[in-house]
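To keep things clear, I will list the structure first and then write my remarks on it.
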Amino acid sequence: MTTRPVRRPSRAEVRRQLLDAAATVFARRGIDAASLDEVAEAAGFTKGAVYSNFGSKDALVDALVDDRTSAYVDIGLESVAGVDGDLDEKARLLGEALTRAGDEQREWQLLFLELWQREIRTPSPDGSLRAHRAELRTRIADAVRAHTGSGPSVGLDPDELATVLMALTNGLAIERLLSPDDVPDDLMGRVLSALISR
């Protein structure tokens, strides 16, 4: 009887599992309280796998922020890609997609709040969270320009509109975490539509 060799996960698969486990463990325990041993165990690996993929806890946190930020932007862009509707329709679709993403990535909302508090209380020397937010703002502003030309006529340029969109997304996601019934599924889409049609 021959046994099949056990397939080892690729480096990308190990990294993905570690990032997902880190999101869960950090959200449940808090970044400072959680250990890399806990992250590794949750992912089904040893702590050595964490170090070989990320090098340190800070690097893991940074990679997690980058991963989740990119995922949010991709969700938003995919929701309006190929939509032939007008800006009002795109705004509604974008709002609904971001609301769903917030529901599906509840752990990320908790982590973002913790990261925000840490950055306000003790700014990191490299300003990594601020850098991630600045990059996110730029990507959103570029997407606004791509879909609206110079930008919708709401009295805001695309960079300002990106800041408002980020604040609105975070604020409504936080309120929805606390009191889901007070933030209907379509609220963000309706607010974005109203803002754009102003």
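FYI, it's all coordinate maths here, none of it is from the lab. Given the structure is predicted, the values throughout are model-derived calculations rather than measurements. Heads up, the Cβs are rebuilt from the backbone with ideal geometry, glycines too, and the neighbour counts pull from every protein chain shown.
Within the shell of other residues whose beta carbon sits under 14 angstrom from the beta carbon of residue 41, the net charge comes to 0, with Lys and Arg scored +1 and Asp and Glu -1. Residue order for 193, 56, 70, fewest other beta carbons within 10 angstrom first, comes to 56, 70, 193. With contacts taken as Cα pairs under 8 Å and at least 6 residues apart, the stretch 8-55 reaches a relative contact order of 35 percent. Summing Cβ point charges (Lys, Arg +1; Asp, Glu -1) relative to the Cα centre of the stretch 8-55 gives a dipole of roughly 180 debye. Dipole of the chain computed with +1 at Lys/Arg Cβ and -1 at Asp/Glu Cβ about the Cα centre; of 158, 79, 116, farthest Cα towards the positive end is 116. Could you tell me which of rounded, prolate or oblate describes the stretch 97-182, using a ≥ b ≥ c as the square roots of the eigenvalues of the alpha-carbon gyration tensor, with rounded for a/c under 1.5 and, failing that, prolate when a/b is larger than b/c and oblate otherwise? Oblate.
Relative contact order for the stretch 1-80 using alpha-carbon pairs under 8 Å, separation at least 6, rounded to a whole percent? Across the stretch 1-80, relative contact order equals 25 percent. Going by alpha carbons, how many degrees (0 to 90, nearest 10) lie between the helix axis of 158-178 and the longest principal axis of the chain? Its long axis makes an angle of about 60 degrees. Placing +1 on the Cβ of every Lys and Arg and -1 on the Cβ of every Asp and Glu, with no other charges, gives the stretch 58-197 a dipole of roughly 300 debye about its Cα centre. Exposure proxy shown here: for 72, 51, the number of other Cβ atoms within 10 Å sets the order, fewest to most, as 51, 72. Principal-axis analysis of the Cα atoms of the chain puts helix 106-121 at an angle of about 90° to the longest axis. Ordering 140, 183, 128 by Cα displacement along the dipole of the stretch 124-189 toward the positive end leaves 128 in first place; charges were set at the Cβ atoms of Lys, Arg (+1) and Asp, Glu (-1).
Here the residues 166, 188, ranked from fewest to most Cβ neighbours within 10 Å of their Cβ, fall in the order 166, 188. Taking all Cα pairs closer than 8 Å and separated by 6 or more residues, the relative contact order of the chain comes to 24 percent. Estimated from helices alone, the mean residue ellipticity of the chain at 222 nm is -24500 deg cm²/dmol (sum of -39500 (n - 2.57) over DSSP H runs with n ≥ 4, per residue).
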